[in-house]
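Engineer: Can you read through this structure? Questions will come right after.
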Amino acid sequence: MNLKKLFIVFSMFVLVFPLVSAGVGISWNKETSLVPENTKTCLTYKVYNPWPDDSYVEIELSEELLPIVSYVESETKFVPKNTPSSEAIPVEFCFKTPRIYEQDCLLFDKLICKQDCLEDMQIYSGEVIVLESNDYKSSGGSGGSATAISVSAPLKVKVQCVAHKRNYSLIYIVVVLIAGILLAINLLNKKRKKNKK
């Protein structure tokens with residue numbers, strides 16, 4: 001019975017392995033990133049390709065991390081065949097965190113705001129996923145294989161609340177504008193009175 005199972009596993013390995021002629025590996029030096037809210041952050045990972053065919057790869061974030069990013073930028077990188085982990089190629093990707101923590105605003109929930117940061121820090125755990133780029137394969141690029149390969153690295157994002165006092169500069173600008181308009185109207189009225197005389 002055990003011999004049958006072993007034979008089946010061996011047969012599947014022999015059938016699948018020849019289809020995988022390109023792929024990607026990933027290396028990283030940290031698993032946690034502290035990111036202030038409403039800030040763009042860039043991280044760098046390294047990828048390598050020990051297989052005998054070239055690959056094009058790009059980076060994505062897992063679903064668990066998508067709620068805390070307003071956008072993700074990732075370059076598509078060419079990874080030559082037979083690239084060992086010791087010569088891994090850096091790939092950068094950037095993402096921006098939206099506003100997560102509650103602000104106390106005087107106008108329209110957006111203007112003249114202050115932030116006290118009394119809430120607990122929000123922490124999100126997920127994965128950075130490196131996968132072969134289908135765009136390059138479908139457009140006739142030389143990289144890629146019949147079997148799409150992806151690898152991932154764990155990433156924990158700590159979103160930092162940035163405390164700030166209420167900024168009254170908008171009110172000052174409005175007051176100055178109103179004063180300027182009133183002054184201009186007053187000068188025009190005086191000029192008209194002089195002209196009438």
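None of the figures in this text is laboratory data; all of them are computed from the coordinates on show. Predicted model, so just to flag it, every value in this text is computed and none were measured. Cβ: placed from backbone, ideal geometry, glycine included. Neighbour counts: every protein chain shown.
Engineer: Which of the pairs Lys81/Lys156; Lys96/Lys156; Lys30/Lys77; Lys40/Lys165; Lys81/Lys158 have their Cα atoms more than 26 Å apart in this structure? Please report the intermediate quantities before stating the final value.
Structural biologist: Numbers: Lys81/Lys156 31 Å; Lys96/Lys156 15 Å; Lys30/Lys77 21 Å; Lys40/Lys165 22 Å; Lys81/Lys158 36 Å.
As for pairs spanning more than 26 Å Cα to Cα, those are Lys81/Lys156; Lys81/Lys158.
Engineer: Taking the simple approach of a point 7 Å from Cα along Cα-to-Cβ for both Leu170 and Glu73, what is their distance in nm?
Structural biologist: Result: 2.7 nm between the two label points.
Engineer: How do Leu155, Leu118 rank when sorted from fewest to most other Cβ atoms within 10 Å of their own Cβ? Could you put the intermediate results ahead of the total?
Structural biologist: Values: Leu155 22, Leu118 9.
The order, fewest Cβ neighbours first, is Leu118, Leu155.
Engineer: Could you calculate the contour length gain from Arg192 to Asp120, that is, 0.36 nm times the residue separation minus the distance between their Cα atoms, to one decimal place in nm? Mind dumping the intermediate values first?
Structural biologist: Values: separation 72, 0.36 × 72 = 25.92 nm, distance 6.28 nm.
Result: 19.6 nm gained on full extension.
Engineer: Right, next: Do me a favour and compute the ellipsoid semi-axes for segment 21-166 from its Cα gyration tensor, root of five times each eigenvalue, largest one first, whole Å. Let's see the in-between values first.
Structural biologist: On the way: eigenvalues 290, 43, 23 Å².
So the equivalent ellipsoid measures 38, 15, 11 Å along its semi-axes.
Engineer: Take Ser169, Ser55, Ser27 and order them by how many other Cβ atoms sit within 10 Å, fewest up front. Each step should come with its number before you reach the end.
Structural biologist: On the way: Ser169 8, Ser55 30, Ser27 14.
By the 10 Å Cβ count, ascending, the order reads Ser169, Ser27, Ser55.
Engineer: What number comes out for the charge environment of Leu118, summing +1 per Lys or Arg and -1 per Asp or Glu over other residues with Cβ under 15 Å away?
Structural biologist: -4
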